[in-house]
Ligand SMILES: [Zn+2]
């Protein structure tokens with residue numbers, strides 16, 4: 001009997017140590033490269049954005065949903081702070097009609113109400129906001145996405161106006177080829193209705209808008225740089241970070257979350273280091289927006305740096 005207790009105690013201690021180490025590695029550990037392997041500079045973006053014609057005049061934010069990440073999911077090792085899951089769309093506005101009709105570009109489309117359950121947890125959905133998003137996409141000259149996850153592209157994939165919008169939806173080849181876009185609601189047949197973009201590195205989408213290829217979080221991930229006529233600049237960084245804390249504190253998502261997402265941690269680590277060094281530290285004048293960070297968005301809207309809602 002004595003021996004049995006002894007063995008049980010040893011097994012329990014071993015299990016405890018394994019569990020402790022697994023938690024440390026999978027949930028608490030965060031490492032970032034000392035220096036990013038990305039050589040892109042802000043000047044590259046500025047030059048490409050300003051080359052081709054009249055620049056846009058405003059960026060508007062529309063929110064269609066709001067929830068919260070599970071504790072510990074956003075910043076490795078941090079369980080005490082609550083992090084928002086804002087679901088938004090951006091409207092870049094020009095003061096003259098663009099090729100393709102309309103004066104606007106739409107960036108990201110959140111999700112459809114039927115996809116809320118895929119996010120797990122408590123997420124509110126704004127039906128009025130969703131209707132404005134649909135109207136915004138119908139009126140736009142083009143629609144683009146930071147990446148092909150359902151919470152960024154689902155509002156387009158399951159749009160009741162899909163046929164009207166598809167012809168001006170511009171998807172990089174990597175987004176089109178990604179299995180994630182099928183999970184977001186597209187079929188192969190629907191993809192053939194959209195425009196395919198083939199580019200490496202940077203792509204000048206329209207005067208003042210530059211796409212930056214940043215595969216890693218997903219195969220088709222891209223950041224989007226916007227420069228206004230006034231000289232004001234934005235960098236929509238998609239989901240490289242989920243909250244500005246990831247950038248300012250240089251702390252990333254836990255390894256377990258990356259494994260679950262199937263993201264390339266090496267690439268995302270270099271991108272996060274680049275955002276920290278090149279934008280947050282060296283170019284504070286650029287308005288850096290990570291997609292799900294409600295507090296940052298609200299602050300910008302309050303200061304008048306982002307328009308509140310879409311315009312028609
Ligand atoms: Zn997302």
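Every number here is computed from the coordinates shown, using simple stated rules; none is lab data. Computed from a predicted structure; not experimentally measured. Here Cβ is always computed from backbone atoms with ideal geometry, including for glycine, and neighbour counts include all displayed protein chains.
As a calculated quantity, the FRET efficiency between residue 38 and residue 248 at R0 = 22 Å, using C-beta atoms, amounts to about 0.75. Per-peptide packing, taken as the mean over residues of other Cβ atoms within 10 Å, places 99-105, 129-135 in the sequence 129-135, 99-105 from highest down.
When the inverse distances between all different Cα atoms of the chain are averaged and flipped, the Kirkwood radius reads 20.3 angstrom. With contacts taken as Cα pairs under 8 Å at a separation of at least 6 residues, the chain carries a relative contact order of 23 percent. Compared with the direct C-alpha span, the chain from residue 95 to residue 7 gains 24.0 nm at full extension, assuming 0.36 nm per residue. A crude spin-label estimate for the pair residue 135 and residue 200, with each label 7 Å from Cα along the Cβ direction, gives 4.4 nm.
Counting every other Cβ atom within 10 Å of each residue's Cβ, 120, 138, 196 order from fewest to most as 120, 196, 138. Of all beta bridges that DSSP places with both ends in the chain, some 70 percent have antiparallel geometry. When a/c is below 1.5 the answer is rounded, else prolate if a/b is larger than b/c, else oblate, so apply that to the range 98-234 with a ≥ b ≥ c taken from the square roots of the Cα gyration tensor eigenvalues. It comes out rounded by the Cα gyration axes.
The residues 299, 232, when put in order of fewest to most other Cβ atoms within 10 Å, stand as 299, 232. The helix-only estimate of mean residue ellipticity at 222 nm for the chain, built from DSSP H runs of length n ≥ 4 each weighted as -39500 (n - 2.57), is -9000 deg cm²/dmol after division by the residue total.
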